[in-house]
Structure formats: structure tokens, C-alpha cells
Amino acid sequence: MKRANLVTMLLLALCSTTMMSAYAQKAKDVIANWAPNPKKVAEEVISKYGEPDVNSPKMLVWYNNGPWKRTVLHVEEAPHKFPKPHTDMLQQFIDYKVPPAKFDEVAMYDGSVVAERTVGEISARCDKEEMNFLAINLANDVATGKKTVQQARNYYTRAVMDFMKGKMDPYVQKLQFNVPKSGTGDPDKTTVKQ
């Protein structure tokens with residue numbers, strides 16, 4: 001009886017290892033034919049955070065990686081001209097409650113920052129994690145009234161120019177505020193009575 005349990009456990013472990021190896025291979029296979037930019041970013045994110053939790057021909061997804069609630073790497077690149085021409089593909093999410101009165105300002109500051117009121121999330125989509133840190137830190141400044149839209153855009157531009165010279169502004173290194181772990185969603189109010 002004990003030997004049968006040991007054999008079963010060894011077989012399960014072997015199958016699990018084989019499945020993990022196939023899973024890891026699948027992520028590598030998925031990105032094999034991607035365009036150079038998303039492929040390079042995929043390799044960087046895999047190197048930093050390990051294999052994705054979900055992979056498909058269109059995207060890779062990691063959950064709870066580092067400070068992020070979710071990281072999604074899209075194969076489709078979105079052209080973006082602010083602050084200089086590049087393509088957005090790496091979208092990273094945190095729990096965050098943007099006050100409804102600040103949604104327009106956050107959107108005016110950077111179109112690649114998306115606030116979702118109902119689920120209580122904010123995300124930034126760029127080509128580098130450092131730029132997502134920068135974008136979300138500045139979105140927080142706009143949402144909390146610490147910076148105007150123009151001040152945030154000016155700060156972003158200066159921080160990117162410094163980054164290109166190898167200077168690391170604190171805003172590109174990590175989130176500069178405490179991320180709430182719950183209570184960020186806003187299910188709104190019922191207006192249809194049954």
C-alpha cells in the first residue's frame with residue numbers, strides 16, 4: 001500500500017514536471033513568431049517574473065507579479081507619440097480608485113493610462129515597465145491633485161529624457177504610493193427598480 005502511494009506520487013511529480021516543461025516551452029513557442037518589439041519585451045518580462053500564468057497567440061498574462069495585480073503583454077502594438085514615438089504593448093494593472101471627477105484629467109494626462117471605475121483598477125500601457133511605473137505614479141499625482149495635467153506631462157517628458165541618458169528618476173523605479181488591497185471598486189447605484 002505504501003509502495004503504491006509512493007509510485008503514484010512519483011508519477012504525479014513526473015507528470016507535473018513534464019507539464020511544466022511543456023508549459024514553459026509553450027510560452028517560448030508562442031513568442032517565436034512575434035514581431036521584434038513584443039518578442040523582446042516578452043523575453044525581458046519572462047526573465048524578471050518567470051513564465052506567464054496564461055499564454056495565447058495574442059498575449060501573455062502574469063498575475064500578482066511584483067507590485068502588479070496583473071501584467072498583460074499584447075502582441076499587437078499600439079502607436080503612441082507621447083512623449084516620443086514608440087509603441088505600447090506592455091499593460092500593467094493595480095487596484096486603484098480614481099475619483100470620478102478626475103477621470104477626464106487622468107485621460108488628458110496620458111491616453112495610455114486607463115482607469116476602470118467599476119472594478120477599481122488603473123493600468124498603464126507602454127513598452128517598458130519603468131515607463132508604466134512613471135505613468136501610474138503621475139496618474140496618482142493627477143488623481144490626488146498633486147499635479148495638474150500639464151505638470152504631469154512635463155514631468156513625464158523630463159523623466160523620459162533623463163531615462164534615455166541613464167538617469168533613474170524615482171518615479172520610474174517603483175510605485176511611489178501605497179497601493180490599496182481592497183475597496184477600490186465602485187459598483188455604482190441601481191437606477192432600475194424591479
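Quick notes on this one:
- The range 53-151 shape via C-alpha gyration tensor axes, a/c threshold 1.5: oblate
- Straightening the chain between LYS84 and ASP186 buys 33.3 nm, computed as 0.36 nm per residue apart minus the Cα-Cα spacing.
- FRET E, pair TYR63, MET108, Förster distance 41 Å, beta-carbon r, rounded to 0.05: 0.85
- Cα→Cβ-extended label distance, 7 Å offset, between ASN154 and LYS39, nm: 4.3
- Three-way shape call for the range 23-106 based on the alpha-carbon gyration tensor, with the a/c threshold at 1.5: oblate
- Each residue of the range 42-56 was assigned a 3J(HN,Hα) from its phi angle through the Karplus expression (A = 6.51, B = -1.76, C = 1.60, θ = phi - 60°), giving 4, 4, 5, 5, 4, 4, 7, 10, x, 5, x, 6, 9, 9, 8 Hz with x at Gly and Pro.
- Computed from label points 7 Å out along Cα-Cβ, the spacing between GLU76 and ASN178 is 3.9 nm.
- Of the labelled figures (i) 41, 18, 15; (ii) 36, 23, 15; (iii) 35, 17, 15, only one reflects semi-axes √(5λ) of the Cα gyration tensor in Å as derived from the coordinates, namely (ii).
- Max mean-square fluctuation residue, GNM over the chain, Cα-Cα springs under 10 Å, options ALA35, ALA78, ALA115: ALA35
- Ranked for footprinting exposure by Cβ neighbours inside 10 Å, fewest first, ILE31, ILE136 give ILE31, ILE136.
- Relative contact order (%) - the chain, alpha-carbon pairs under 8 angstrom, separation at least six: 15
Coordinate-derived values only; no laboratory data. Please read these numbers as outputs of a predicted model, since none were measured by experiment. Methodologically, a virtual Cβ is constructed for each residue, glycine included, from the backbone with ideal geometry; neighbour enumeration extends over all protein chains shown.
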